[in-house]
Amino acid sequence: MQSSLFKECEERYGDGSEIGFLVACLLDELFLIELIKNYYVEMFCKDEARVDALNRVAGVLSATIQDSLLDEMTIRLARLVDRESIFGNDTFTLNRFDSFKEGAADPGLYAEKLEAAKVGIASAFRDIRNQRLAHLQLDNLRDDSKYSYAEMTLVTNALEQCEAFVVEAETQFGITRKHFPSHEESKEVDLLFDVLDKGYDQIVPRKWWKRTSPE
């Protein structure tokens, strides 16, 4: 899954500045992470009855979807604090914004917001990504050590810190945001569970009748 709507709008209507391009790329990433987070919350955190329904219809698939959404959020957030170059390839990362500090209207405030965004991500997501997802450390397997994903409050905090930096960068460099996408995750998940509820009521009696009818 990827988004390039912010980037495309900036390339089409922006002033061609590098900082404007990078801010648009960051907004594309934040939009997708928030989208994934919203799907996760709607499916697994909003209503216990929804989790029961998923487990009743397809328990293993439900757990796989849950882990996949958590993996995706963790990886996408953690890679935002990667180095600017890995194995000779340039990467998109918050560290790439450091070089623009001296050109900001208020370098101190710019750096403060940027550092807060980095810390919010690194403290909650980097180690899990490095030790469990990007690489699988053998010591953890030998020790049978368990790990847990960051809580949704930390995901929300990381997104808010990044968004606060974006707003600061836009303000200090005179960048006008050119795209405001809407989120439809809640409606989509409502429709999904509506279909599951209606379908389950139709399918289960037929399966039960087939299994219990005399030969």
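The values are calculated or read from the model by the stated rules, or taken from the named source; none is laboratory data. Every value quoted in this text rests on a predicted model; they were computed, and no experiment measured them. No Cβ is skipped: glycine too gets one built from the backbone with ideal geometry, and neighbour counts run over all protein chains shown. All accessible areas refer to the heavy atoms of the entire protein, side chains included, with ligands and DNA or RNA removed. Shrake-Rupley method; radii C 1.70, N 1.55, O 1.52, S 1.80 Å.
The table that follows gives values for the structure above.
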read-out: Angle between the chain longest axis and helix 152-173 axis [Cα atoms, degrees, rounded to 10]; value: 30 degrees
read-out: 0 to 90° range, to nearest 10: angle between helix 18-40 axis and the chain longest Cα axis; value: 20 degrees
read-out: Net lengthening on full extension, Val119/Arg132 (0.36 nm per residue, minus Cα-Cα); value: 2.7 nm
read-out: The chain, dipole about Cα centre (Lys/Arg Cβ +1, Asp/Glu Cβ -1), debye to the nearest 20; value: 820 debye
read-out: Amide hydrogen neighbours beyond the local backbone of Thr91, cut-off 5 Å, H modeled; value: Ser85, Ile86
read-out: Option label - Rg and Dmax of the Cα atoms in Å computed here, alternatives (1) 21.7, 82; (2) 20.2, 69; (3) 18.7, 59; value: (1)
read-out: Protection proxy ranking, peptides 71-82, 37-48, average beta carbon neighbours within 10 Å, highest first; value: 71-82, 37-48
read-out: For segment 44-104: rounded, prolate or oblate by the Cα gyration tensor [a/c cutoff 1.5]; value: oblate
read-out: HN-Hα J in Hz across segment 132-141 - Karplus 6.51, -1.76, 1.60, θ = phi - 60°, x for Gly and Pro; value: 10, 10, 5, 9, 10, 5, 5, 4, 5, 6
read-out: Apportionment of accessible area to carbon and sulfur, segment 1-105, percent (1.4 Å); value: 50 percent
read-out: Average accessible area per residue (Å²) across the chain - probe 1.4 Å, nucleic acids and ligands excluded; value: 61 Å²
